[in-house]
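Some notes on the structure that comes next.
The values are calculated or read from the model by the stated rules, or taken from the named source; none is laboratory data. Fair warning: this is a prediction, and the values are worked out from it, not measured in the lab. Cβ atoms come from the backbone with ideal geometry, glycine included; neighbour counts cover every protein chain shown.
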């Protein structure tokens, strides 16, 4: 499966999936604006428990991206996002499953890469998909960074603090 993200969803958007081509789904709104495309191949599963576990664990893994994975990666590369306008765009995600069943699903980071190109960067987070500790697949999450600048721990600490505060405020609601 490959998921391509192409737009920001607002709280007033009413979304639905269209399926005009085999193995190709588009998440769009009533005015046909596309927000995501899903391209699939191979066998499919209807095992709702497996699908729920995989989805939940992907969201949990993805939620660790900032600051837990991205900040050490930026520090290693000596760059950071602009604190005044932090811009991280979720580009796409891909998953390959060798098996369409399993229990105790877990995603484990296997590699993280930040490629810099001036003030822009591309991040690739690669992961294994495990069932009861056994690898049943793998995947990658790809993001775009903009406004890169030299790494400054104090400025990035302020970004992290603001992020944590927004996250905390959201969770209280």
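Assess whether residue 85 counts as being outside any helix (DSSP H, G or I) and under 24 Å from residue 38 (Cα atoms). Considered against the rule, which asks whether it is outside any helix (DSSP H, G or I) and under 24 Å from residue 38 (Cα atoms), residue 85 comes out as no.
Being in a strand (DSSP E or B) and free of Cβ contacts under 8 Å to residues at least 24 places away in the same chain is a property that holds for residue 115. In this structure, is residue 8 within 23 Å of residue 125 (Cα to Cα) and surrounded by fewer than 11 Cβ atoms within 10 Å (Cβ to Cβ)? Here the answer is yes, as residue 8 does meet what is asked. Before we move on, is residue 143 closer than 22 Å to residue 5 by Cβ, touching a helix residue (DSSP H, G or I) at 6+ places or on another chain (Cβ under 8 Å) and surrounded by 15 or more Cβ atoms within 10 Å (Cβ to Cβ)? Criteria met by residue 143. The criterion of being touching a helix residue (DSSP H, G or I) at 6+ places or on another chain (Cβ under 9 Å) and either in a strand (DSSP E or B) or touching a residue at least 60 places away in the same chain (Cβ under 8 Å) (or both) does not hold for residue 100.
Whether a residue is surrounded by fewer than 16 Cβ atoms within 10 Å (Cβ to Cβ) and within 16 Å of residue 2 (Cα to Cα) was assessed, and residue 96 passes this test.
For segment 140-158, the set of residues classified as without any contact (Cβ under 8 Å) to a residue 60 or more places away in the chain and either not assigned by TED's automatic domain parsing to the domain that holds residue 125 or not in a helix (DSSP H, G or I) (or both) consists of 140, 142, 144, listed by residue number.
Could you run through segment 68-83 and say how many residues are surrounded by fewer than 16 Cβ atoms within 10 Å (Cβ to Cβ), in contact (Cβ under 8 Å) with a residue 60 or more places away in the chain and closer than 25 Å to residue 167 by Cα? Looking only at that region, the number is 2. Determine which member of the set 110, 45 is surrounded by fewer than 16 Cβ atoms within 10 Å (Cβ to Cβ) and out of contact with any strand residue (DSSP E or B) (no Cβ under 8 Å at 6 or more places or on another chain). Result: 45 is the single residue among 110, 45 that is surrounded by fewer than 16 Cβ atoms within 10 Å (Cβ to Cβ) and out of contact with any strand residue (DSSP E or B) (no Cβ under 8 Å at 6 or more places or on another chain). Residue pairs whose Cβ atoms lie under 9 Å apart, separated by 6 or more positions or on different chains, with the first residue in segment 161-173 and in contact (Cβ under 8 Å) with a residue 24 or more places away in the chain and the second assigned to a loop (DSSP other than H, G, I, E, B) and surrounded by 10 or more Cβ atoms within 10 Å (Cβ to Cβ), are 163/86.
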